[in-house]
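Notes to accompany the following structure.
Please treat every number below as a calculation from the coordinates, not as lab data. Bear in mind that the values here come from a model prediction, so they are computed numbers and not experimental data. All Cβ positions, glycine included, derive from the backbone under ideal geometry; neighbour counts span all protein chains shown.
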Amino acid sequence: MNNWRIKPLSDEQKQTVNDYIQKCDLSKIVLEIMVGRGMSYEDIVDFFQADELSSPFELKDMQKAVNCINEAITAGEKICIYGDYDCDGVTSTSLLYMFLQSLGADVIYYIPERSAGYGLNKNAIDDIAEMGTKLIITVDNGITAIDEAKYIYEKDMKLVITDHHQPLEEIPQAEAVVDAHQTDCPSKFKDLAGVGIAFKLAVALSDGDYNFITEQYSDVCAIGTVADIVPLKGENRTIVQKGLFYIKNTENVGIHKLAEKAGLNLQNITSLNIGFGLAPRINASGRFGSPLTATQMLTTDDCEKSVELASELDSLNNQRKLAQQKIFNDIVSQIQEDRNILNQRVLVISGENWHHGVIGIVSSNILELFGKPNIIISSEDDEFARGSARSIKSFNMFKCLEYCGDLLEKFGGHECAGGLTIAKKNIPAFIQRVNKYAFENNPTMPKFTIKADKILEGSDIDIQQVESLEKLEPFGEQNEQPIFAIIGARVTNIVSLSGGKHSKADVIYCNKKFSILIFGKSPSQLGFFVGEKVDFLVTMEINIFNGNKSISVKAKDYRLTKSTQAKYFASLDCYEQYKRGEQVSKQLLERITPTRQDIANFYTMCQKLPCADIDNIYIRLSHIPQLADSMNFAKIRFIVDILEELGLMKYNVASKTANVIPTDQKMNLDDSKTLQDLRKKLEMAE
């Protein structure tokens, strides 16, 4: 069961919405979402009117950068754009390269392979110098390259840095350093991606005229901005909006061909399409091939060549998917074999030869599946390993890594993500230290949470209201696609889709009849039946087919109505506390130790249901009046452990299903070590 956060509008907020309706032409549902997200009227006005981009010369050193680059162009000196291997770096490099080419500059680009590491390095600088380069311009990197910058000047070259990462106290030697995060940078907007800084540099080189640069390059800029998961607010929102407008008629053949490979129609493309369709294919070049492939695709005018390059990116992305799935399966298998891993506050899992380019993605997948902060570590040789981490708000992953700093070769990150390099011999001590930090700072760990913007009303299920949600686009970081809660929808029919891969549930809710699409679940896996009431978290979009509009409702999550979420998580915490060997009070031990009848009730329920999802079984048993007080989730988890020990059941950690193993032999419950230990601890408890 996932933790849901559904916060209905207060009476004061409802009155605020009614007041705002009189002041603007926004729909009720849009205003409810924005007010519910804590936005004032001034915030709402700024959100919709922030279509003017500030002067690029507000960025510190921008004029110096322009002067230096123009001098190099006029002198006919070779310029090298030095990028990064991710989508932001590739799009930054491509945008500036194409623009400088249009000015007649003698320009080349250099992007290090992932194996060479992030940012400037001296071997690359040597190669660039041998090409006769006189000026290096970094994009999406360089702000922390203190030694490398000095080396550039030792090689008789000049340097212009454009970056969007946090600087150190010391700023590298350069003709100009353009990074809004410098403490003395007067630019008001600080959240541009690397490609956003490159975009503004191109505008500055055009004397501050946004029109031409926006028309020619905002498509590439939008792709990089979405891919880098910067906040889609303020100037980023404007950049992506303009990019989505111009991408419909883009002359960039590489974007056309990549969109075709991703099955996307550029006339209807959204930020979500970019994030899930285009960006992964560009990123795959830096993970499984060479970032030069993606850069060449974005910068070529040759249609035939673009088809070849887009096909290669699509193939690399398929490799990425296969590697990602293999690592994910390996991790789930590890947890299946050693359940104690799953009881830890933070999951730390290591393996051999897992591709470093995708362990961060897998870490995100593990976070969603198990709802826990995790660190995935892959050994790269006999001595060292690298790791990627993902976390939940309120558990600061960077501080956790900092706490373990003496065990690490290097580390970095922020509250919800991090990376590290560690000596393999230190991994066991690291696992202990991570969970020591978690215990000391979060005795009760925060939960992975899905937030709903509002409880859906009958009047919201209306084509005009759903169409109005488009005003909130583009969706992305800090401007997420709205999620709506449906509480107590009665299921009238269940239909299998795509040969059982997906399902459609027809429901009646607020006297309205509509369908909810549920992806990745066959009807037998849903856990609910026709006639039952179910709660859903959903998104809503407009679907157009043969010119007819309809509302498409897609489930993000669901569960039987009247599920007791707070009791579930308190009970789960108790189970994990016990399994970690921590002290559990006598009162709690009495509540979580199952009786023979408890075990029989659970076993019978498992036999009745086509999908023995233990969360679902817990909810069903807790709905039976005579069992509601005695049955809790910790008890159910212990029952599963007991039945597995006796060979009567097999539990799947990924699907959370407990499958009954048929047998003719009678089993003695007293033979279960889990039950023996529970009873012994209960006897010994004061």
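Across region 145-270, the fraction of Cα-Cα pairs farther apart than 22 Å, rounded to a whole number, is 45%. Applying both filters, DSSP loop and at most 13 other Cβ atoms within 10 Å, to the trypsin sites (Lys or Arg not before Pro) of region 451-539 gives 501. With a/c under 1.5 counting as rounded, go ahead and sort the chain into rounded, prolate or oblate using the C-alpha gyration tensor (a ≥ b ≥ c being the square roots of the eigenvalues; past the cut-off, prolate if a/b is larger than b/c, else oblate). Taking the square roots of the gyration eigenvalues as a ≥ b ≥ c, the chain is prolate. Taken over the alpha carbons of region 56-315 as equal point scatterers, the Debye sum produces base-10 log I(q)/I(0) values at 0.08, 0.09, 0.10, 0.16 Å⁻¹ of -0.27, -0.35, -0.43, -1.17. Listing 4, 354 from fewest to most neighbouring C-beta atoms within 10 Å gives 4, 354. The spacing between region 463-524 and region 325-339, judged by their C-alpha centroids, is 31 Å. Put a plus charge on the Cβ of each Lys and Arg, a minus charge on the Cβ of each Asp and Glu, and nothing anywhere else: the dipole of the chain about its Cα centre is then about 3380 debye. In the chain, the DSSP-assigned H stretches of four residues or longer account for a calculated mean residue ellipticity at 222 nm of -13500 deg cm²/dmol, using -39500 (n - 2.57) per stretch and the full residue count as denominator.
In order along region 182-193, the Karplus-derived 3J(HN,Hα) couplings, from 6.51 cos²θ - 1.76 cosθ + 1.60 at θ = phi - 60°, round to 5, 4, 9, 7, x, 4, 6, 8, 10, 9, 4, 6 Hz, and Gly and Pro are given as x. On a C-alpha basis, how far is the centre of region 561-627 from the centre of region 661-680 in Å? Whole number, if you could? The two parts, judged by their Cα centres, are 17 Å apart. Mean silhouette area of region 72-195, derived from the convex hull of its C-alpha atoms and averaged over all directions, reads 7.5 nm². In region 260-351, taking the dipole from charged Cβ atoms about the Cα centre, the farthest positive-side position among 265, 290, 276 is held by 276. Shown in residue order for region 370-382 are the 3J(HN,Hα) couplings computed by the Karplus curve 6.51 cos²θ - 1.76 cosθ + 1.60 at θ = phi - 60°: 9, x, 10, x, 8, 10, 9, 10, 10, 6, 9, 7, 6 Hz (x for Gly and Pro). The fewest-to-most ranking of 45, 466, 177 by surrounding Cβ atoms within 10 Å reads 45, 466, 177.
Sorted ascending by nearby beta carbons within 10 Å, beginning with the fewest, 498, 563, 218, 306 become 498, 563, 306, 218. Between the amide H of residue 477 and those of 232, distances stay under 5 Å, these residues lying 5 or more places away or on another chain, with hydrogens modeled in the peptide plane. Around the Cα centre of region 364-423, unit charges on the Cβ atoms of Lys, Arg, Asp and Glu (plus for the first two, minus for the last two) sum to a dipole of about 420 debye. Distance distribution P(r), region 338-449, all Cα-Cα pairs, bin width 10 angstrom from 0: 15, 53, 29, 2 percent. Normalised by 2.2 N^0.38 Å, where N is the number of residues, the alpha-carbon radius of gyration of region 565-684 equals 1.01.
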